[in-house]
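Working notes for the structure below.
The values are calculated or read from the model by the stated rules, or taken from the named source; none is laboratory data. Everything numeric here is computed off the predicted structure, so don't read it as measured data. So basically every Cβ, Gly included, is an ideal-geometry build from the backbone, and we count neighbours across all protein chains shown. Note: accessible area is taken over every heavy atom of the protein model, side chains too, but ligands, DNA and RNA are not part of it. Shrake-Rupley method; radii C 1.70, N 1.55, O 1.52, S 1.80 Å.
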Amino acid sequence: MKKSLLALAALSTIAGVAQAQSSVTLYGTIDASVGYVQNGGATLAGVLVKPDALVSPQPAISVATAATYQTANYVGTFDSAVTSSLWGMKGSEDLGGGMKAIFQLEGDLNSVNAFNNASGVFRRGEFAGLQGGFGEITLGLRANQLVAASAEAIVVANNSVMLTTKAAMNYGDDYTKNAITYISPVIAGSTAILQYGASNTVNDVSSGSVLNGAFRTTQGAFSAIAAFQLRNSVSGSTSNAPATATVAAGSVGTAATYTGVATVVNPTAANTAGNKTTYLAGLKYQVTPAVKVGYTYVNNFVDSAGVGAASA
């Protein structure tokens with residue numbers, strides 16, 4: 001009996017040590033609000049487009065009055081008005097020698113209707129990698145550093161402002177697919193991130209690929225951020241369809257002729273309009289704990305036809 005008790009005590013000690021070497025954290029944010037909207041609806045070709053299901057049905061209108069017609073004011077519930085509602089989990093495993101294996105999964109929440117994003121359960125991030133004195137390197141879906149820098153550069157911490165700015169500039173996706181991401185250690189308040197998103201396109205390494213990065217530094221009340229992005233357009237000859245076999249009419253019994261079509265895994269609306277080169281630089285100063293001022297410059301160059309068409 002004494003030997004059994006000692007063995008059990010030793011096993012408990014080992015289990016305790018193992019638990020101390022690894023950790024998993026669950027986290028999340030729910031942003032729910034009630035808002036009042038004036039003339040929140042719109043019309044198109046005489047058809048009323050309601051801004052929310054809470055709006056009561058409006059009377060039919062004619063095409064002639066469509067341009068000037070406005071919907072009634074309404075009160076509704078909203079999600080992610082200030083910051084994104086989300087949930088996730090992240091963890092690490094101590095490998096010894098100052099090295100850790102890490103992972104993170106992050107998805108959306110919606111306090112209004114429990115909507116799941118069509119882009120996937122963990123469309124906000126799904127990656128694994130290593131962390132140590134060299135910094136951090138991960139493989140998998142992760143935040144686009146240009147978009148992240150754009151959000152950080154805004155003095156007003158408001159989700160709607162960031163989304164409006166990003167949509168107006170149209171310079172990239174929120175998250176980089178097929179990403180290899182390197183994060184440097186923090187040195188004197190500064191850190192750098194470099195990220196490459198592979199195209200996963202058959203016979204075309206550059207089509208749909210993206211290279212982006214950011215540099216951040218905080219020195220007392222001053223903080224600065226700089227970021228860039230080089231995004232290659234998806235080639236016009238590519239398609240989501242895999243290679244298919246076709247047989248010419250009247251050739252029954254003969255060998256099929258195959259027509260190969262490049263398979264693209266990474267295309268999105270943001271990288272089909274042309275090659276994009278974007279630079280961003282921002283500076284902020286904390287005047288008081290409640291007052292902050294800043295300035296951000298963004299240049300977005302779009303070569304839609306390979307002839308230097310610019311857009312800023």
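The length gained by stretching the chain between Ala128 and Val287 to full extension, at 0.36 nm per residue less their Cα-Cα distance, is 53.4 nm. Note on exposure: Leu146, Leu139, Leu283, Leu109 ranked by accessible area (1.4 Å probe, complete protein assembly) read Leu139, Leu283, Leu109, Leu146, with the most exposed listed first.
You can think of it this way: the chain between Asn170 and Ser23 has 49.1 nm of extra reach, that is 0.36 nm per residue less the Cα-Cα gap. The Cα center of the range 86-112 and the Cα center of the range 176-201 differ in position by 17 Å.
Starting from the Kirkwood Rh over alpha-carbon pairs, what translational D in µm² s⁻¹ does the range 76-157 have by Stokes-Einstein at 37 °C and 0.692 mPa s? Calculated translational D: 221 µm²/s. Model label sites at Phe115 and Val37, defined 7 Å from Cα along the beta-carbon direction, differ in position by 1.1 nm. Every Cα-Cα pair of the range 136-224 was included, and the share exceeding 18 Å stands at 52 percent. Solvent exposure of Val302, expressed as accessible area, is near 20 Å², computed with a probe of 1.4 Å over the protein chains only.
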